[in-house]
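Worksheet: one structure, shown below.
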Amino acid sequence: MSQQVNRTQRTFVSYIDKSREFYAAHGYARPYQWAYHEEVPFQPLTRTLAASRVGVVTTSSLYTADRPEHWPKTKAKEPFALELEHLPSRMYTDDLSWDKEATHTNDRESFLPIDSLRQWVAKGRIGSLAPRVYGVPTDYSQRRTHELDAPKIVEWAKEDEVDVALLVPL
């Protein structure tokens with residue numbers, strides 16, 4: 001017996017609605033302003049993906065063994081570039097809000113997929129990997145993202161001759 005789907009109602013959780021409700025419930029005077037851009041600075045590829053260099057940008061933070069359980073976000077706000085040869089076995093994500101009982105981020109590959117990308121390089125699906133990964137720890141400031149973080153990531157990507165950036169938000 002097939003189940004009828006009511007196509008007049010949503011069958012998913014609306015992140016936008018939930019965020020708006022969250023802000024209102026916490027007493028914010030203005031609802032959250034979603035980023036919107038009339039023009040997006042994306043460019044078409046000038047070569048095939050198989051001939052392109054791919055860079056990875058993550059929103060996870062660098063992990064250090066001496067980090068307290070609730071590391072203050074003020075200490076982890078700077079963008080970073082990390083050589084592929086020096087990747088830690090894990091990244092730091094415990095300060096972010098997500099359902100830690102239903103899932104985890106112990107699998108670095110799920111939000112920093114370097115091993116998978118290396119396999120794609122070996123198969124010829126992408127040309128090469130940038131020598132560094134770039135990180136922008138999660139920050140909910142559009143101004144900071146536009147004025148500080150994004151220009152630094154672009155600068156590093158240009159230095160590394162990156163053609164394509166894979167953005168892996170957490």
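The values are calculated or read from the model by the stated rules, or taken from the named source; none is laboratory data. Just so it is clear, the model here is predicted, and its values are computed rather than measured. Don't worry about glycine lacking a Cβ; one is built from the backbone with ideal geometry, like all the others, and counts go over all protein chains shown. Calculation scope for accessible area: heavy atoms of the full protein, side chains included, ligands and nucleic acids excluded. Shrake-Rupley method; radii C 1.70, N 1.55, O 1.52, S 1.80 Å.
Among the residues that make up the stretch 32-51, is at least one of them small (Gly, Ala, Ser) and at pLDDT 85 or above? Yes, that holds for at least one residue. For the stretch 121-147, filtered to residues that are in contact (Cβ under 8 Å) with a residue 60 or more places away in the chain and among the hydrophobic types (A, V, I, L, M, F, W, C), the residue that is surrounded by the fewest Cβ atoms within 10 Å (Cβ to Cβ) is Leu129. Taking the conditions (1) under 17 Å from the mean Cα position of the chain (by Cα); (2) modelled with pLDDT of 75 or more in turn, Arg90 satisfies each one other than (2). The number of residues in the stretch 148-165 that are open to solvent by less than 70 Å² (accessible area, probe 1.4 Å) and in contact with a strand residue (DSSP E or B) (Cβ under 7 Å, 6 or more places away or on another chain) comes to 8. The residue pairs whose first member lies in the stretch 74-86 and is open to solvent by 70 Å² or more (accessible area, probe 1.4 Å), whose second member is modelled with pLDDT of 80 or more, and whose beta carbons are closer than 6 Å, counting only pairs six or more residues apart or on different chains, are Glu83/Arg132. Could you list, ordered by first residue, the pairs with Cβ atoms under 6 Å in which the first is in the stretch 105-119 and assigned to a helix (DSSP H, G or I) and of a type in the set (A, V, I, L, M, F, W, C) and the second is open to solvent by less than 70 Å² (accessible area, probe 1.4 Å) and at pLDDT 85 or above, at least 6 apart or interchain? Within 6 Å, the pairs are Leu117/Leu129. Scanning the stretch 13-49 for residues that are open to solvent by less than 100 Å² (accessible area, probe 1.4 Å), over 30 Å from Asp163 (Cα atoms) and in contact with a helix residue (DSSP H, G or I) (Cβ under 8 Å, 6 or more places away or on another chain) yields a count of 2.
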